[in-house]
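One structure is given here, and the rest of the page talks about it.
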Amino acid sequence: MILPIVAYGDPVLKKHATEITKDYPKFDELLENMFETMYNAYGVGLAAPQIGLPIRLFLVDTTPFSEDDGLTEEEQNELKDFKRVFINAKITKEEGDEWAFNEGCLSIPDVREDVFRKPKVTIEYLDENFKPHTETFDGLIARVIQHEYDHIEGVLFTDKLSTLKKRLIKGRLANISKGKINVDYRMRFPNQKKKR
């Protein structure tokens, strides 16, 4: 089932999400719905807060990035098969010199900005079977993981922008929260005026 994606301005996007256990109700169904919702919106990642659930769960599928001609064949192959579920994730290390990449977010449609992040992350997480993993990722995969991880920490990519950039996009963000935007996937807007 395709779920509505929560828009910028909803308090759930600013919450520090809570951990879950394997007896979380209808977990398999939730995962299925989240993947379906993400693919329907042409996303490469989706975190539970973006569908209104303040829990430490996000998924990543970088397949769409693998079609980028600017990448090496090795990078394309790595991105093509990368599909993961991250439960109760904790980034333990971020390494390297920060680099800029133009990021967007399904909760903030039509806003894209350069965000600086470190190129390499080490993360502890549980997979969809609640098996523990500790892995290190770099490049675009690390970037998507960091972006989704921020969601479960209550941080949006717009929080990482300079004060000037934030001022420049303030009006657009306000319009998004009011639903004054054309978007081709289901969304829930926190400040939308109810139609009479």
Here is a list of conditions, (1) closer than 21 Å to Glu128 by Cα; (2) surrounded by 15 or more Cβ atoms within 10 Å (Cβ to Cβ), and Pro25 meets all of them except one; can you say which number that is? (2)
Is there a residue in region 171-189 that is open to solvent by 30 Å² or more (accessible area, probe 1.4 Å), small (Gly, Ala, Ser) and under 29 Å from Glu67 (Cα atoms)? no
List the number of the failed condition for His151; all other conditions in (1) closer than 15 Å to Leu59 by Cβ; (2) open to solvent by 40 Å² or more (accessible area, probe 1.4 Å) hold. (2)
If Arg84 satisfies all but one of (1) charged (D, E, K, R); (2) more than 29 Å from Leu164 (Cβ to Cβ); (3) surrounded by fewer than 17 Cβ atoms within 10 Å (Cβ to Cβ), what's the number of the condition it fails? (3)
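Can you pull out every residue in region 124-139 that is over 12 Å from Glu95 (Cβ atoms) and under 18 Å from the mean Cα position of the chain (by Cα)? I'd like the intermediate steps shown before the answer.
Initial filter on region 124-139 (over 12 Å from Glu95 (Cβ atoms)): 124-135, 139.
Glu124, Tyr125, Leu126, Asp127, Glu128, Gly139, listed by residue number.
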With the requirement that a residue be touching a strand residue (DSSP E or B) at 6+ places or on another chain (Cβ under 6 Å) and surrounded by 14 or more Cβ atoms within 10 Å (Cβ to Cβ), what does region 87-106 give you? Ile87, Asn88, Ala89, Lys90, Ile91, Glu94, Glu103, Gly104, Leu106
Can you name every residue in region 32-55 that is part of a loop (DSSP other than H, G, I, E, B) and either over 14 Å from Thr18 (Cα atoms) or aromatic (Phe, Trp, Tyr) (or both)? Ala41, Tyr42, Gly43, Val44
If Gly104 satisfies every condition in (1) more than 20 Å from Met1 (Cα to Cα); (2) in contact with a helix residue (DSSP H, G or I) (Cβ under 7 Å, 6 or more places away or on another chain) but one, which is the exception? (2)
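The values are calculated or read from the model by the stated rules, or taken from the named source; none is laboratory data. Everything quoted here is computed from the prediction, not taken from an experiment. A quick note on method: Cβ atoms are made from the backbone with ideal geometry, for glycine too, and the neighbour counts reach across all protein chains shown. Calculation scope for accessible area: heavy atoms of the full protein, side chains included, ligands and nucleic acids excluded. Shrake-Rupley method; radii C 1.70, N 1.55, O 1.52, S 1.80 Å.
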